[in-house]
1. Would you mind checking the pairs LYS74/LYS134; LYS102/LYS178; LYS74/LYS178; LYS131/LYS207; LYS74/LYS131; LYS74/LYS210 and listing those with alpha carbons more than 20 angstrom apart?
2. Need one number for the range 117-231: average projected area of the convex hull over its C-alpha atoms, nm².
3. Show me, for the range 173-181, the HN-Hα J-couplings you get by feeding each phi into the Karplus relation (A = 6.51, B = -1.76, C = 1.60, θ = phi - 60°), rounded to Hz, glycine and proline as x.
Amino acid sequence: MKNRQKLLNITAGVLAALLAAVVIWGCAHGAGPSRMGVSDGIEPVDLDTIYLRSSGVEVNFSDVILSGQNETRKLIVSEQSGTVSTKLTDRLIKQLDFDFLKKTQNVSYTGTGYFVVDLDNLTAANVIEDKDAKTVTIRIGPAYLQAIEIDPDNIIVDAVEESLLARGDIELTLADYKAIERDLRSRLEEIFDTAANGQAANELAVKMVKAVYEPVVKAVDRRYNVIVQFQ
């Protein structure tokens, strides 16, 4: 019995010594909790692109492009500047057109014409993705003359040219001023709205629309390029 008890004591001591040795070794070698690798399904392609792998999410380029329509509704692609003038004539006797009976005055208007393209009219049908060629084609309408702005600081009114019998200022009514402005604005439109100006505006439109949307497309997938075409 004493020998059995002694054997049990020796066995317990050996086990305690082994356990203590394991603890000491673990502390000395900095053993920590076990780690396991976890994948979140997001694979970085480069600094500007995030590619969702096996997540079931597919980005629709038309949704991304059309989502910003409130911020870019009409894009000004070209500005044209021009000057027109008219000669006002006031006759002393309306029925007689003699130089000594009339006085004249030149009025010049300088205006700016703005050519724009409508981006608020784009629909999903205007955005075409080619997955094989890695391109997104955006089809837009042609540029057009949208507005003419006349700078009041650039309205030049020359001095009145008097004649022998016609003296003093030329008196104009409010209706006269409105008629003059309509005439000059119409002539400015004729200067701006030409085939040459339209062609130049269309060439600029392709470059500017590409500059607007290409960063958006490349933020989704940098491998894609943007092509701009007219409908």
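Just so you know, all these numbers are worked out from the coordinates, no wet-lab data involved. Computed from a predicted model, the values in this text were never measured in an experiment.
1. Check vs 20 Å cut-off fails for LYS74/LYS134; LYS102/LYS178; LYS74/LYS178; LYS131/LYS207; LYS74/LYS131.
2. Directional mean of the projected Cα hull area for the range 117-231 stands at 11.4 nm².
3. Listing the rounded values in order: 8, 4, 5, 4, 4, 5, 5, 4, 5 Hz.
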